[in-house]
1. What is the P(r) of the range 104-236, as percent of Cα-Cα pairs per 5 Å bin from 0?
2. Could you work out the Rg to Rh ratio of the chain, with Rh taken as the Kirkwood radius (inverse of the mean 1/r over all Cα pairs)?
3. Can you tell me the order of 60-70, 12-22 when each peptide is scored by its average per-residue count of other Cβ atoms within 10 angstrom, highest first?
4. If I take R0 = 45 Å and measure r between the Cβ atoms of VAL205 and ARG154 in this structure, what FRET efficiency does the formula 1/(1 + (r/R0)^6) give, to the nearest 0.05?
5. Quick one: length gained pulling SER93 to GLN49 fully straight, 0.36 nm per residue minus the C-alpha distance?
6. Rounded to the nearest 500, what is the 222 nm mean residue ellipticity of the chain from helices alone, with -39500 (n - 2.57) per DSSP H run of 4+ residues and division by all residues?
7. Can you pick out the pairs among LYS144/LYS216; LYS144/LYS235; LYS56/LYS216; LYS6/LYS31; LYS5/LYS39; LYS5/LYS56 whose Cα atoms lie more than 28 Å from each other?
8. Helix 74-98 versus the longest principal axis of the chain: what angle, 0 to 90°, nearest 10, using Cα atoms?
Amino acid sequence: MDDLKKPILPGKGNSDYERYLRTDELLSLQKPDQELLHKDEMTFQVIHQSSEILLKGVAFELGRARTLIEEGDFANACRLIRRANQMLEYPVSMLHVLETITPYDYHIIRAGLGHGSGLDSPGFLSLLHIGPRLGEAFHAQLHKAGVTVDDVYRRHAELFGLHDTAERLLDFDERAHIFRFHHLKLAQRIIGGGVVGTMGTPVEVLHQRMEHFFYKDLWDVRNRITAKANEAMQKG
Ligand code: HEM
């Protein structure tokens, strides 16, 4: 029985848990206590690093979903997009943890960030990379089926797989938007809405980037459906 407690995996650590998860390396990626510019810097690092890992997971699942869409396997594509969307909830909610850092304390931490900017976040950049490619895979399937986005919404029961995929893509787009919204609020709260950074007017940049949607056509189709419904109502 004692033998089960002994690690059998290669690597560092006294248990297979530590070896498999490489907790030794993972937990050495934060500044040691004595190097923290402010005690709140631990939270700042932990939240950013966790967000990067989760965003990596999100992009990975979306990459798999893209392949499944290309193969016409919409059910499994939707399963993975749902998973990715659930994972994306956490980087959003973790932004709120950082709202507990007060502006004066944040500036002590900020002094040690060099030219570091979230614009260079590998995790978020990977979402910006995969998002449009998922859209292209979806549109290629529309083309193959000989239908338009409007058809997919009108004939949603018949075209269930395509409709479900469209809705999951919309969920993803909405979450990316919600991330940007809560992040904008965080930046306004901590450094202010009118500050000029080295890259121009940072918070203004964040405003502009809020205009970005991955799947504008999936949002726009709603306008056409409502316009049609209004027209039909007016005709009585
Ligand atoms: C104290 C907390 C934070 C502040 C004050 C803050 C501030 C900012 C500012 C001012 C920008 C604009 C570009 C620049 O001038 O650097 C930016 C961009 C960005 N930040 Fe943060 N940020 C914070 C936390 C986070 C966290 C936790 C993440 C999670 C990964 C993140 C991800 C991003 C991303 C992805 C962008 C680019 C936005 C886009 O493309 O729309 N930030 N941040």
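Where a number appears in this text, it was derived from the coordinates with a stated rule and is not lab data. Keep in mind that what you see is a predicted model, and the values were worked out from it rather than measured. When we count neighbours, we look across all protein chains shown, and the Cβ atoms used for this are built from the backbone with ideal geometry, even at glycine.
1. 2, 8, 14, 17, 14, 11, 10, 8, 7, 5, 3, 1, 0, 0
2. Here Rg/Rh amounts to 1.08.
3. Ranking, from highest mean packing down: 60-70, 12-22.
4. Working: r = 39 Å, r/R0 = 0.86.
It comes out at approximately 0.70.
5. 14.4 nm
6. Mean residue ellipticity, 222 nm, calculated: -23000 deg cm²/dmol.
7. With Cα atoms farther than 28 Å apart: LYS144/LYS235; LYS6/LYS31; LYS5/LYS39; LYS5/LYS56.
8. 50
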